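S.K.: My questions all concern the structure below.
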Amino acid sequence: MPASAEEKRILRDIIDAFYKAAGYHGWSGEVNESVAQVFGTMLCTAMRCSDALAWVPMPPAGPPTIAWFARSLGRTAVNRLLNLELSKTCARFVIWRWNSALRFASSNDITTGSLTSCVR
């Protein structure tokens with residue numbers, strides 16, 4: 001079942017808040033399932049270098065979906081990320097490493113499969 005417009009909006013806002021927590025102006029790309037997969041990898045990478053994300057639930061065994069982000073993190077994640085003492089070094093590294101892939105995924109909805117496993 002395709003993600004709803006509201007679910008896409010929630011994921012876009014979560015990604016935007018992550019970028020802002022890292023000190024950037026934000027993110028406003030198009031959301032699709034490929035974006036969900038890349039951002040899932042970004043979040044897993046950030047969870048490895050920052051204890052500040054310990055509240056984030058582990059993504060499912062398969063690639064995370066837009067619906068998973070909307071249901072598991074929701075709007076509360078946006079507020080938590082904006083008020084988080086996230087390591088800017090960690091977050092900036094994650095964005096530096098995955099920003100091009102996220103931009104590519106945003107403009108090309110090519111589901112890539114699980115990019116990396118999320119292990120704490």
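The values are calculated or read from the model by the stated rules, or taken from the named source; none is laboratory data. Remember, predicted model here, so these are calculated numbers, not experimental data. In this analysis, Cβ positions are derived from the backbone assuming ideal geometry, glycine residues included, and neighbour counts consider all displayed protein chains.
S.K.: Do you know which residues across the range 9-28 are free of Cβ contacts under 8 Å to residues at least 40 places away in the same chain, out of contact with any Ser or Thr (no Cβ under 8 Å at 6 or more places or on another chain) and either assigned to a helix (DSSP H, G or I) or closer than 19 Å to R71 by Cβ (or both)?
M.R.: R9
S.K.: Over 13 Å from the mean Cα position of the chain (by Cα) and in a loop (DSSP other than H, G, I, E, B): is that true of E6 in this structure? Break it down stepwise before answering.
M.R.: On the way: over 13 Å from the mean Cα position of the chain (by Cα): yes; in a loop (DSSP other than H, G, I, E, B): no.
It is false that E6 is over 13 Å from the mean Cα position of the chain (by Cα) and in a loop (DSSP other than H, G, I, E, B).
S.K.: Still on this structure, please answer the following. Just checking, does the range 82-91 include any residue being in contact with a Ser or Thr (Cβ under 8 Å, 6 or more places away or on another chain), at pLDDT 90 or above and either of a type in the set (F, W, Y) or under 24 Å from R9 (Cβ atoms) (or both)?
M.R.: Checking the range 82-91: at least one residue is in contact with a Ser or Thr (Cβ under 8 Å, 6 or more places away or on another chain), at pLDDT 90 or above and either of a type in the set (F, W, Y) or under 24 Å from R9 (Cβ atoms) (or both).
S.K.: Being under 20 Å from F93 (Cβ atoms) and in contact with a Leu (Cβ under 6 Å, 6 or more places away or on another chain) is the filter here; which residues of the range 51-78 pass it?
M.R.: Of everything in the range 51-78, just one residue is under 20 Å from F93 (Cβ atoms) and in contact with a Leu (Cβ under 6 Å, 6 or more places away or on another chain), namely A52.
S.K.: Please verify whether V31 is in a loop (DSSP other than H, G, I, E, B), of a type outside the set (D, E) and at pLDDT 90 or above, treating the condition exactly as stated.
M.R.: Answer is yes for this residue.
S.K.: Can you name the residue in the range 52-74 that is in a loop (DSSP other than H, G, I, E, B) and of a type in the set (A, V, I, L, M, F, W, C) and, of all such residues, is modelled with the lowest pLDDT? Quick ask: steps written out before the conclusion?
M.R.: Taking the range 52-74 as the starting set, the residues that turn out to be in a loop (DSSP other than H, G, I, E, B) are 54-65, 73.
If we keep only those that are of a type in the set (A, V, I, L, M, F, W, C) too, we end up with 54-56, 58, 61, 73.
Values: A54: 86, W55: 88, V56: 87, M58: 81, A61: 76, L73: 92.
Step by step, filter the range 52-74, then rank; the result is A61.
S.K.: Going by what's in this entry, would A77 be described as farther than 18 Å from K8 by Cβ, surrounded by 12 or more Cβ atoms within 10 Å (Cβ to Cβ), within 12 Å of the chain's Cα centre (by Cα) and touching a residue at least 12 places away in the same chain (Cβ under 8 Å)?
M.R.: No: the conditions fail for A77.
S.K.: Would you check which residues across the range 83-101 are surrounded by 13 or more Cβ atoms within 10 Å (Cβ to Cβ) and either over 19 Å from R48 (Cα atoms) or of a type in the set (G, A, S) (or both) and list them?
M.R.: S87, A91, A101 - these are the residues of the range 83-101 that are surrounded by 13 or more Cβ atoms within 10 Å (Cβ to Cβ) and either over 19 Å from R48 (Cα atoms) or of a type in the set (G, A, S) (or both).
S.K.: I need a count of the residues in the range 12-49 that are farther than 12 Å from S106 by Cα, of a type in the set (D, E, K, R) and more than 12 Å from the chain's Cα centre (by Cα).
M.R.: Counting residues in the range 12-49 that are farther than 12 Å from S106 by Cα, of a type in the set (D, E, K, R) and more than 12 Å from the chain's Cα centre (by Cα) gives 2.
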